[in-house]
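As structure tokens, the structure follows; a few thoughts come after it.
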Protein chains: 2
Amino acid sequence: MLSEFDLIAQYFNRPPRAGGQVALGVGDDCALIAPSAGTQLAISSDMLVEGRHFFPGADPRSLGHKCLAVNLSDLAAMGAKPLGFMLALALPEARPEWLAPFSEGMLALADLHQCELIGGDTTKGPLNICITIFGEVPNDGALRRDAARPGDDIWISGSLGDARLALAGYRNECMLPPATLSAAGERMHQPAPRVALGLALRGIARAAIDISDGLAGDLGHILKRSSVGATLFVDDLPAGPMLRTQERNLQHSFTLAGGDDYELCFTAPADKRDEVLAAGHAAGTAVTRVGIIEPALGLRLTDAAGAPLDLKLASFDHFATP
Amino acid sequence: MLSEFDLIAQYFNRPPRAGGQVALGVGDDCALIAPSAGTQLAISSDMLVEGRHFFPGADPRSLGHKCLAVNLSDLAAMGAKPLGFMLALALPEARPEWLAPFSEGMLALADLHQCELIGGDTTKGPLNICITIFGEVPNDGALRRDAARPGDDIWISGSLGDARLALAGYRNECMLPPATLSAAGERMHQPAPRVALGLALRGIARAAIDISDGLAGDLGHILKRSSVGATLFVDDLPAGPMLRTQERNLQHSFTLAGGDDYELCFTAPADKRDEVLAAGHAAGTAVTRVGIIEPALGLRLTDAAGAPLDLKLASFDHFATP
């Protein structure tokens, strides 16, 4: 059996990156970060629980990737540059055959975004993975939820709904060909956080949020905090490649209220459309204009002809009764 | 049943402190902190699991206090000034009769140290409380584990072993009068993080650590990272007021390898004894000189006459087989 200290040393300790902003990493009472002059630190935490956010027995490599990806996605939604993260891990037991692929999946994504593991905690307990991530943004440069203004376009990165389609397949809510389920499952297990897009949108976008609980609900947070409303052009929503093969009602439901997408929903002034498209191009991520911010509160849905659509939608709530 | 968003709003959202360094608190993708010029950010995470770090059914007010206290203690051990913290909470269910006292206990201690709750996560799952805390230290001013030098005195704040004595009482390892168990239990449930002392020791102490897993083991981290050894004067160790009523062997065992003390162990040059005592006085915390840092690696224990003591000690390891 590995001890707590051996476990950390073997799977998670690595030499600090040369030239990075981590002044002190794993191994002291605290880690130390030296933020750049003129910046603020952006901080986010996500806790993932077995049986709630991932299936018992989930592939550890994908799980390691996903736990960090959902946190990087929060930085992306602020336009923040990743610096580092803390990992707190409760494990029923310290098994190398789980820890090795878990740490590899996590640290590979960390390397891709130059985001160092700077510390954390390990303990025995029901499997629970809590990451707190740090990035930096220029002072007053963050893409906040409260910054949307009437007349702004609403944009979506990438595509929506394939992760929710995979969940429907796993739950036997709908029958999917194995190749479809496998491709949709990739979107669920290996989300690609839109960090480069978030950075490219600095100074162009106004408000932004990452879509974790479903577009309608997450856009709702922007509307509420910005004291505005919106119309979404539902037939313009970019359904995922697998969801596109399904019937229209399912496309509406899973693009609007799917969850687990980790795409960005952001607003930008209408005179910045070319700049938004150029930012998407530079970041290698498709961006699609899907609606407009309006002074009248509430969220309205229209079809391709501009006619109102009346859809029943539920956003995800961890404590809602089913 | 409270929803996730209602839960956060009702128990944890508070207006940001005026004049604080939290630029954006609860309610966006990330919180934003603006560190002072010339400082580094000190960051620590601790995860507390029911049945492992606290008893099932533990008093929620004390638990809220303790979860934050152990994190503040890590800031104290770096000489860092508290700024704010993130709270990630997995709960079996959202019960107001638990959440109200839990949040009150936590936020009362937060107010005492002007440490704002700036964000976090809530989810359904086995009870797990993960706090990540932020403080600031002047550049290159942190009290690090690797800074001890031969000739340094070793100091302890407050007293040791009463929390471990309480655990022994709860576990029926020893029989304690109810008043003794109750007073010792206070030390276990309501630790007072030595934040003021950590700040007062800036520029005076060299290395520091907080004692969470037992003095011998935690001092061992300083020795290892500083590549030095030490002698501890075991009979000079300040046993807690309740432990002092017990036999000498138990005093040795629980002061050296108790755990859950949250006192500071720090080193300082021998010519700074007066300054250390003045810092303790200014912070309202007793400080006791208990040993000396030496070039020869390893930890040596001596009694009041200076004769070697041979004690078997075990530090706490979350994954050790019992």
Q. Which residues in the range A:50-68 have a backbone N closer than 11 Å to a point placed 7 Å from the Cα of A:Gln190 along the Cα-to-Cβ line?
A. A:62
Q: Find how many whole Å separate the alpha carbon centroid of the range B:272-301 from the alpha carbon centroid of the range B:66-99.
A: 28
Q. What are the label-to-label distances in nm, one decimal and shortest first, from B:Glu93 to the same spot in the other copies, with labels 7 Å along Cα to Cβ?
A. 3.2
**Q.** A versus B: buried accessible surface, summed, Å² (probe 1.4 Å, to nearest 100)
**A.** 5400
Q: Only counting protein heavy atoms at a 1.4 Å probe, give the residues of the range A:90-130, ordered by number, whose accessible area falls by 40 Å² or more when the other protein chains are present relative to the chain alone.
A: A:Asp121, A:Thr123, A:Lys124, A:Pro126
Q | Of the GluC sites (Glu not before Pro) in the range A:47-111, those whose Cβ has at most 12 other Cβ within 10 Å and which sit in DSSP loop | A | A:Glu93
Q: Quote the relative contact order of chain A in percent (integer), defining contacts as alpha-carbon pairs under 8 Å separated by 6+ residues.
A: 22
**Q.** At q = 0.17 Å⁻¹, base-10 log of I(q)/I(0) for the range B:4-138 (Debye sum, equal scatterers on each alpha carbon)
**A.** -0.88
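Mind checking the mean number of beta-carbon atoms from other chains within 10 Å of the Cβ atoms in A:209-217?
Details: counts 2, 1, 0, 1, 1, 0, 0, 0, 1.
Partner-chain Cβ atoms within 10 Å, mean over residues of A:209-217: 1.
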Q | Cα gyration tensor category, rounded, prolate or oblate, for the protein assembly as shown with a/c compared to 1.5 | A | prolate
(Q) Could you give each residue of the range A:285-296 its phi-based ³J(HN,Hα) in whole Hz, using Karplus coefficients 6.51, -1.76, 1.60 with θ = phi - 60°, and x for Gly or Pro? (A) 10, 4, 10, 10, 7, 10, x, 9, 7, 10, x, 6
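What's the extension gain from A:Ala278 to A:Ala305 if we count 0.36 nm per residue and subtract their Cα-Cα distance? List each step's numbers first, then the result.
Details: separation 27, 0.36 × 27 = 9.72 nm, distance 2.81 nm.
Computed gain between A:Ala278 and A:Ala305 is 6.9 nm.
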Q: Calculate, for the range B:145-302, the solvent-accessible area per residue in square angstrom, rolling a 1.4 angstrom probe over the heavy atoms of the protein chains.
A: 39
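Measure off, as a whole percent, the carbon and sulfur share of the 1.4 Å-probe accessible area of the range B:145-302, all protein chains present.
On the way: 3190 of 6120 Å².
In the range B:145-302, the share of accessible area belonging to carbon and sulfur is 52 percent.
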Q) Under unit Cβ charges (Lys, Arg +1; Asp, Glu -1), what dipole magnitude, rounded to 20 debye, does the range B:145-302 have relative to its Cα centre? A) 200
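Report in % the part of the accessible area of the range B:4-138 that belongs to carbon and sulfur, leaving out ligands and nucleic acids; probe 1.4 Å.
53
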Q: Kindly provide the trypsin sites (Lys or Arg not before Pro) of the range B:161-199 that DSSP labels as loop, not H, G, I, E or B, and whose Cβ sees at most 13 other Cβ atoms within 10 Å.
A: B:Arg171
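GluC sites (Glu not before Pro) within the range A:210-309: which are DSSP loop residues with at most 12 other Cβ atoms inside 10 Å? Can you show the working numbers first?
On the way: sites: A:Glu247, A:Glu263, A:Glu275; in loops: A:Glu247.
Passing sites in the range A:210-309 are A:Glu247.
What is the sum of charges around A:Val26, taking Lys and Arg as +1, Asp and Glu as -1, for the other residues whose C-beta is under 12 Å from the C-beta of A:Val26?
Working: positive: A:Arg14, B:Arg145, B:Arg225; negative: A:Asp28, A:Asp29, A:Glu116, A:Asp121.
Charge balance in the 12 Å sphere: -1.
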Q: Please report how far the C-alpha centroid of the range B:205-252 lies from that of the range B:47-61, rounded to the nearest whole angstrom.
A: 26
Q: Report, by chain and number, residues whose modeled amide H sits under 5 Å from the one on B:Val290, excluding near sequence neighbours (fewer than 5 apart, same chain).
A: B:Ile154, B:Trp155, B:Ile156
Q. Which residues, if any, in the range A:143-166 have at least 40 Å² less accessible area in the whole protein complex than in the isolated chain, probe 1.4 Å?
A. A:Arg144, A:Arg145
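Provide a whole-number value for the mean count of partner chain Cβ atoms within 10 Å of the Cβ atoms in peptide A:70-80. Show your work: numbers first, answer last.
Working: counts 0, 1, 0, 1, 4, 2, 2, 3, 6, 2, 3.
Counting other chains' Cβ atoms within 10 Å and averaging over A:70-80 gives 2.
Looking at the square roots a ≥ b ≥ c of the eigenvalues of the Cα gyration tensor of the range B:119-217, which shape do they give, rounded for a/c under 1.5, prolate if a/b is larger than b/c, or oblate?
Working: a/c = 2.51, a/b = 1.31, b/c = 1.92.
Here the range B:119-217 falls in the oblate category.
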Q: Give, rounded to the nearest 20 debye, the magnitude of the charge dipole that the range A:4-138 has about its Cα centre when Lys and Arg contribute +1 at Cβ and Asp and Glu contribute -1 at Cβ.
A: 260
Q | Dipole magnitude of the protein assembly as shown about its Cα centre (Cβ charges: Lys, Arg +1; Asp, Glu -1), debye to nearest 20 | A | 380
Q) According to the square roots a ≥ b ≥ c of the eigenvalues of the Cα gyration tensor, what is the shape class of chain A, taking rounded for a/c under 1.5, prolate for a/b larger than b/c otherwise, and oblate for the remainder? A) oblate
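Quote the relative contact order of the range A:4-138 in percent (integer), defining contacts as alpha-carbon pairs under 8 Å separated by 6+ residues.
Working: 247 pairs, mean separation 51.1, N = 135.
Once divided by the residue count of the range A:4-138, the mean separation gives 38 percent.
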Q. Residues of A:31-40, mean number of Cβ from any other protein chain within 10 Å of their own Cβ, rounded to a whole number?
A. 5
Q: Taking each label point as 7 Å beyond Cα in the direction of the beta carbon, state the distances from B:Glu247 to the same residue in the other copies, shortest first, in nm.
A: 7.9
Q. Past the 32 Å Cα-Cα mark, which pairs from A:Lys224/A:Lys272; A:Lys81/B:Lys81; A:Lys81/B:Lys224?
A. A:Lys81/B:Lys224
Q. Shortest first, in nm, what separates the label point of A:Asp274 from those of the same position in the other copies (7 Å along Cα→Cβ)?
A. 7.4
Q. Roughly what % of DSSP beta bridges within the range A:4-138 run antiparallel, to the nearest 5?
A. 70
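The values are calculated or read from the model by the stated rules, or taken from the named source; none is laboratory data. Just so you know, these numbers come straight off a predicted model, no measurement behind them. Reconstructed Cβ throughout: ideal geometry from the backbone, glycine too, with neighbour counts over all protein chains shown. These accessible areas exclude ligands, DNA and RNA; they are computed on the full protein's heavy atoms, side chains included. Shrake-Rupley method; radii C 1.70, N 1.55, O 1.52, S 1.80 Å.
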